[in-house]
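Worksheet: the structure to be examined is printed underneath.
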Amino acid sequence: MKLKVGDFVFVDSTRGTANYQGMSLRDWQGKGYGVITAAEDCEEVSFAQVLVSGELRWVLIEDISKDPMGDNWYLYVLECVDGTFYTGITTNVNRRLHEHNNTSRGAKYTKARRPTRVVYCHPFDSRSTAAKAEYRFRKLSRDKKQKIIQGTADISTVFKL
């Protein structure tokens, strides 16, 4: 991602841990909107200085998004323990799977059908496109859903995207 001074961005440095030569690279944990004030490349790691909540912070480039809702949206399909499918959209499929299986943030439908597993995932450029695809996918018969999941039918062809 190309960042330049003055870009308005969203920072989320609460995800996981990042280490370089045994040192933690995240000394600040937080989320917020900000403005890029400087950028640096240090060997294999890239940082940007961001003015977030009135404070200057050095942040890993991987923790920065120009789109506050994430750079890509994904339609995902979970298979529940009872064999049923659950369809949703998210910017982070791994996080969402964890929420469905381990937290109260999962859907009510999946809470009674744990554990779930991801059986299909497809990227979209915007939340709007992903939500429209989710709506259409939910209306498909189980047979058509299985063909898409198994790869014998292409989601773009089925939806004429």
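The values are calculated or read from the model by the stated rules, or taken from the named source; none is laboratory data. Predicted model, so just to flag it, every value in this text is computed and none were measured. Quick reminder, even Gly has a Cβ in these numbers, built from the backbone with ideal geometry, and neighbours come from all protein chains shown.
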When you go through Thr103, Thr110 one by one, which is the residue that is within 14 Å of Tyr76 (Cα to Cα), within 22 Å of the chain's Cα centre (by Cα) and polar (S, T, N, Q)? Thr110
Residue, farthest from the chain's Cα centre (by Cα), within the stretch 120-147, restricted to residues that are more than 19 Å from Asn72 (Cα to Cα) and in contact (Cβ under 8 Å) with a residue 40 or more places away in the chain: Arg142
Any idea which of Val50, Val119 is on the phi < 0 side of the Ramachandran plot and in contact with a Lys or Arg (Cβ under 7 Å, 6 or more places away or on another chain)? Val50
Which residues, taken from the stretch 34-53, are exposed (fewer than 14 other Cβ atoms within 10 Å of the Cβ) and at pLDDT below 75? Glu40, Asp41, Cys42, Glu43, Glu44, Ser53
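Could you identify the single residue in Gly83, Gly70 that is at pLDDT below 90 and at positive phi? Don't jump to the end; show me each part of the working.
Numbers: Gly83 fails: at pLDDT below 90.
Being at pLDDT below 90 and at positive phi holds for just one of Gly83, Gly70, which is Gly70.
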